[in-house]
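A.B. asks: Please read through the structure below; I'll follow up with questions.
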Amino acid sequence: MAKNLRGTHQIVTANRLSDGVVVFFTRSGDWSPDFNDAVVADDPAAAETLLPRARGAATATVEPYLVAVELVDGAPVPVSMRERIRVGGLTFPVLAAGASRYA
Amino acid sequence: MPDSYFYRYDAHDRALVAERVAQFRDQVARRLSGDLTEEQFKPLRLTNGLYLQLHAYMLRVAIPYGTLTSGQLRALAGIARRFDRGYGHFTTRQNLQFNWIRLEDAPDILEALAAVDMHAMQTSGNCIRNVTADHFAGAAGDEVEDPRIWAEIVRQWSTLHPEFSFLPRKFKIAVTGSPRDRAAVRVHDIGLRLHRDPAGAVGFEVIVGGGLGRTPMIGKTLRDFLPREDLLAYLEATLRVYNRYGRRDNLYKARIKILVHEIGAERMRGEVDAEFHALRGTALRLPDEVIDAIARQFAAPALAARPARSEDVERLRARDRAFARWLAANVTPHRVPGYAIVTAALKQLGAPPGDASATQMDAVADLADRHSSGEVRVSHEQNLILPWVPLDDLQALWRALDALGFADPVAGRIGDIVACPGLDYCALANARSIPLAQRLSLRFGDAARQQEIGELKVRISGCINACGHHHVGHIGILGVDRNGTELYQISLGGDPEAGSTAIGEILGPALTEERTIEAIEAMVDLYLATRVAGERFVDTYRRLGADPYKEKVYGHRA
C-alpha cells in the first residue's frame, strides 16, 4: 500500500464513519467530501501539527492519515495512484462495453 | 422452488444467525454513538465480514461451497439494489462482495441475509473461512461423491468453533469430489479430495499446507486415504497442531503452509497423527446416519428422463456458429443423460470480471427456476453455473444469457480472466487489476480467435496477497508499485488443478500495462506458432521452457 510517497505538500484524509465516504480535513477544522476543501500543509512542520489537529476532530471519521500531494497549476494533486483513486473514484466504467444490456 | 436438495438451516442455525445480527446491530449503534472506538469496533465488524475499503465499507457475504437457491440470488440482488450501487462482485472464493455499503445499513443487510439463510460470518479474520467446493458438484459426470455434503459438514463443525476462532492466521478449506480438480485443492490450507480405495470405499486424500499469497506453496498429502467417519477428528487434529505451533510473531509466516514447510511433512504428519489418535472415535466421529442425513439434503432434484441427445441442439449447432462456440466453451457434459451444466460467464467483453448487476442477478435467478431446478452455483473462476439444464432448454437459455451479456463463449479461455478488485477498490492493493482485465478482454475478444487459442487461464492480482490467484494462472499477472508507477509482473506455467498443480515462474522484470498486453499477445502468437497437436498454452510452455517466451517479451533470454 503505497500512500506515503514524498510530495511537496501534505493533506489529511480519512473515511467517514457512517458510510465510509472519503473525506478531507478542512481549513475550518471540519471534514469535507470535497477534495478542494482540503487544507494543505506546505512544509513538514505544518504537516506535523495538521495530523494531530485532524485526529482531535475525528469522532465521525476513521483513521485519519497524511497524504502527500504536489501542486499542479497551484492545485494539490495526490502523488500516489491509490490516493488519486480515492479522490477521483473508480478508473474504469462500471458498466460493461455493451452497457445497454447491463441495466 | 427447490426444497429437497439444499442444506436448509435448522432452528439452531437460524437462532445463531439471528443472535449475531442482533449483536452486530447493537455494536454498530455503539460505534456510531461513540461508545466504541474504531480500535474496539474493527475486530467486531471484520468478524461480520465488513471491511473498510478505499471508497466505502465492503461487505463480504459467505456463499457456502458456492451454492445458491434462486431465492437467495434474488435476495442478493435486492441488497445490491437497496443498499449498494446496484451490483455485486463474485469473488475467487465463491463469495459475493458489496463494495458501496454504509455502516448504518450493515445490520439491516445482515438481517436481509438471515431471512434467506445467509450471513457474512467468518469471511474475515483468523478463523476457518467459508468452505469452497467444486462448482459442478452433484452434476459432474466424473464425480465420486458430492463434495457439498462434506463442505457442509465442515461448515457446521467450523462455524464459531471456539477453539479455532483466533488462529495464527486465516484458514481456507476446499473440497473436490472428482478426479478432475475444479476446487484447486492443492493450494488451500487444507484440501480434501474424495476418492475410492481399492476396496471401493470412499474416503479423503488430505492435503495440508498449500496456499498462494506472498509465499505460494503446493500442499503436502498427509493422508492418502482417510475414512469418511474420521474427517472431523483429523481436521480438528490438524487445526490443533497449527494452533499450537503456527507462528504468531510474524504475519507473513503465520499460515499453516509455513509451519508445514519449516517442520516438514513427516513431522507434521506425526504431530497430527498423535492428536488424531486421541480424538478418533470421540464425539467427532461421524456415524453413517449423520452423514446420510446431510447427504439427503443434497439429493439431486427429480430430473425427468430425457433422451441423451437433443436433435434441436444438434441442428442449431450445425447451422449457428455462435451457438456451436458457446456449446463448446460454456456447456459441460452432465452425469445425467439429457442434461448439461451451463456456465453463465460473468466475463462480458470489456466488463469487470465477476461483476453482476441486480437486474442480471434477478434474471439469472429466473433462468435458474426455468431451466436449472432453481439452483445456481458460484465458481472460483468468478462465473455463475446452472447445474441442472435439460439439453432441450439450451437454445432458449443461450439466447436469454446472451441478452444479459453472460453468453460470451469464454469459459476456460483467454477471455475468462480472473481478477481481484485491485486498487480501484481494495485497501491492500498496489496496482489496479480490473482495467487491465478489461483491456485484455477487449484485445482477445474475437470468439473465433479464442476458440483457436483454446484453454488458457489468465489470473490477475493487484498485490502479493494473490486474491486473483495469479500464481496458478497459465499466465499470471501480479500488479506491483515501483515508486508510484503501476507495473505488472508476468509469470507462466501455473496450474491450479491437483495432479498437475504448479506455481508459475516469473518471466522477467515487471512491465507497464501497455507492454503487458503486448507481451501476452506475443506469447500467444508464439504458442500458436509452436504448439503441437493437443497442446494447451501451458503444455507448450512446459515443453519449450521459459527462454523463447523471454526472448519474445524482452528481446533476449533474460
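The values are calculated or read from the model by the stated rules, or taken from the named source; none is laboratory data. Everything numeric in this text was worked out from a predicted model, so none of it was measured. Backbone-built Cβ (ideal geometry, glycine too); neighbour counts: all protein chains shown. Protein only, heavy atoms only, side chains kept; ligands, DNA and RNA dropped before computing areas. Shrake-Rupley method; radii C 1.70, N 1.55, O 1.52, S 1.80 Å.
A.B. asks: Scan region B:494-516 and tell me whether some residue there is within 14 Å of chain A (Cβ to nearest Cβ) and either farther than 21 Å from B:Tyr541 by Cβ or not aliphatic (A, V, I, L, M) (or both).
C.D. replies: yes
A.B. asks: Determine which single condition B:Tyr57 fails, assuming it passes every other condition in (1) away from chain A (no Cβ under 14 Å); (2) of a type in the set (Phe, Trp, Tyr); (3) closer than 19 Å to B:Gly125 by Cα.
C.D. replies: Looking at each condition in turn, B:Tyr57 falls short on (1).
A.B. asks: Can you find, within region B:285-314, the residue that is farthest from B:Ile341 (Cα to Cα) among those that are among the small types (Gly, Ala, Ser) and touching a Phe, Trp or Tyr at 6+ places or on another chain (Cβ under 8 Å)?
C.D. replies: Per the stated criteria, the residue is B:Ala299.
A.B. asks: Would you confirm, using the coordinates I've provided, whether B:Asp495 is crowded, with 19+ Cβ neighbours inside 10 Å and not hydroxyl-bearing (Ser, Thr, Tyr)?
C.D. replies: Yes.
A.B. asks: Moving to a separate point now. Scanning region A:52-73 for residues that are hydroxyl-bearing (Ser, Thr, Tyr) and more than 12 Å from the chain's Cα centre (by Cα), which turns out nearest to A:Thr13 (Cα to Cα)?
C.D. replies: If we take residues in region A:52-73 being hydroxyl-bearing (Ser, Thr, Tyr) and more than 12 Å from the chain's Cα centre (by Cα), then A:Thr61 is nearest to A:Thr13 (Cα to Cα).
A.B. asks: Another question, then. What number of residues in region A:78-100 are open to solvent by 50 Å² or more (accessible area, probe 1.4 Å) and at pLDDT 95 or above?
C.D. replies: At the first step, the residues of region A:78-100 found to be open to solvent by 50 Å² or more (accessible area, probe 1.4 Å) are A:84, A:87-88, A:91, A:93, A:95, A:97, A:100.
Those still in the list that are at pLDDT 95 or above too: A:84, A:87-88, A:91.
Residues that pass the stated criteria total 4.
A.B. asks: May I pose another question? Test each condition in (1) farther than 29 Å from B:Asn383 by Cα; (2) within 14 Å of chain A (Cβ to nearest Cβ); (3) touching a residue at least 60 places away in the same chain (Cβ under 8 Å) for B:Phe24 and report the one that comes out false.
C.D. replies: Going through the list (1) farther than 29 Å from B:Asn383 by Cα; (2) within 14 Å of chain A (Cβ to nearest Cβ); (3) touching a residue at least 60 places away in the same chain (Cβ under 8 Å), B:Phe24 breaks only (2).
A.B. asks: For region B:141-228, which strands (runs of 3 or more DSSP E) that fit wholly inside it have 1 or more residues that are touching a His at 6+ places or on another chain (Cβ under 7 Å) and assigned by TED's automatic domain parsing to the domain that holds B:Tyr245?
C.D. replies: Here the list reads B:173-176, B:202-208.
A.B. asks: For region A:55-77, give me each residue that is within 14 Å of chain B (Cβ to nearest Cβ), in contact (Cβ under 8 Å) with a residue 12 or more places away in the chain and either of a type outside the set (Val, Ile, Thr) or assigned to a helix (DSSP H, G or I) (or both).
C.D. replies: Scanning region A:55-77 gives A:Ala57, A:Ala58, A:Ala60, A:Glu63, A:Pro64, A:Tyr65, A:Ala68, A:Glu70.
A.B. asks: Being open to solvent by 20 Å² or more (accessible area, probe 1.4 Å) and more than 31 Å from the chain's Cα centre (by Cα) is the filter here; which residues of region B:303-316 pass it?
C.D. replies: B:Ala305, B:Arg306, B:Pro307, B:Arg309, B:Glu311, B:Asp312, B:Glu314, B:Arg315
A.B. asks: In this structure, does B:Ala431 turn out to be among the small types (Gly, Ala, Ser), touching an Asp or Glu at 6+ places or on another chain (Cβ under 8 Å), within 11 Å of another protein chain (Cβ to nearest Cβ) and open to solvent by less than 10 Å² (accessible area, probe 1.4 Å)? Give the derivation first.
C.D. replies: Values: among the small types (Gly, Ala, Ser): yes; touching an Asp or Glu at 6+ places or on another chain (Cβ under 8 Å): yes; within 11 Å of another protein chain (Cβ to nearest Cβ): yes; open to solvent by less than 10 Å² (accessible area, probe 1.4 Å): yes.
It is true that B:Ala431 is among the small types (Gly, Ala, Ser), touching an Asp or Glu at 6+ places or on another chain (Cβ under 8 Å), within 11 Å of another protein chain (Cβ to nearest Cβ) and open to solvent by less than 10 Å² (accessible area, probe 1.4 Å).
A.B. asks: While we're on this one: Would you check which residues across region B:325-352 are under 21 Å from B:Ala403 (Cβ atoms), away from chain A (no Cβ under 14 Å) and buried (at least 16 other Cβ atoms within 10 Å of the Cβ) and list them?
C.D. replies: Of everything in region B:325-352, those that are under 21 Å from B:Ala403 (Cβ atoms), away from chain A (no Cβ under 14 Å) and buried (at least 16 other Cβ atoms within 10 Å of the Cβ) turn out to be B:Arg325, B:Trp326, B:Leu327, B:Ala329, B:Asn330, B:Val331, B:Ala340, B:Ile341, B:Val342, B:Thr343.
A.B. asks: Spot the failing condition for B:Thr69; the list is (1) surrounded by fewer than 21 Cβ atoms within 10 Å (Cβ to Cβ); (2) of a type in the set (Ser, Thr, Tyr); (3) more than 14 Å from every other protein chain (Cβ to nearest Cβ), and only one is missed.
C.D. replies: (1)
A.B. asks: For region B:353-363, which positions are touching a residue at least 60 places away in the same chain (Cβ under 8 Å), more than 9 Å from chain A (Cβ to nearest Cβ) and open to solvent by 10 Å² or more (accessible area, probe 1.4 Å)?
C.D. replies: Once the filter is applied, which keeps residues that are touching a residue at least 60 places away in the same chain (Cβ under 8 Å), more than 9 Å from chain A (Cβ to nearest Cβ) and open to solvent by 10 Å² or more (accessible area, probe 1.4 Å), region B:353-363 yields only B:Asp362.
Conditions tested, residue by residue: (1) at pLDDT below 95; (2) in a loop (DSSP other than H, G, I, E, B); (3) surrounded by fewer than 17 Cβ atoms within 10 Å (Cβ to Cβ); (4) within 14 Å of another protein chain (Cβ to nearest Cβ).
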site: A:Lys3; (1), (2), (3), (4): yes, yes, no, yes
site: A:Gly7; (1), (2), (3), (4): yes, yes, no, yes
site: A:Ile11; (1), (2), (3), (4): no, no, no, no
site: A:Gly20; (1), (2), (3), (4): no, yes, no, yes
site: A:Phe24; (1), (2), (3), (4): no, no, no, yes
site: A:Asn36; (1), (2), (3), (4): no, no, yes, no
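A.B. asks: Follow-up question, since we're still on this one. So B:Ala199 fits all but one of (1) out of contact with any helix residue (DSSP H, G or I) (no Cβ under 7 Å at 6 or more places or on another chain); (2) surrounded by 16 or more Cβ atoms within 10 Å (Cβ to Cβ); what number is the exception?
C.D. replies: (2)
A.B. asks: Report whether or not B:Ala283 is under 18 Å from B:Leu386 (Cβ atoms), without any contact (Cβ under 8 Å) to a residue 40 or more places away in the chain, open to solvent by 60 Å² or more (accessible area, probe 1.4 Å) and not polar (S, T, N, Q). Outline the logic, then answer.
C.D. replies: Details: under 18 Å from B:Leu386 (Cβ atoms): no; without any contact (Cβ under 8 Å) to a residue 40 or more places away in the chain: yes; open to solvent by 60 Å² or more (accessible area, probe 1.4 Å): yes; not polar (S, T, N, Q): yes.
The answer is no for B:Ala283.
A.B. asks: Has region B:476-491 got at least one residue that is touching a helix residue (DSSP H, G or I) at 6+ places or on another chain (Cβ under 6 Å), crowded, with 18+ Cβ neighbours inside 10 Å and within 30 Å of B:Arg321 (Cα to Cα)?
C.D. replies: no
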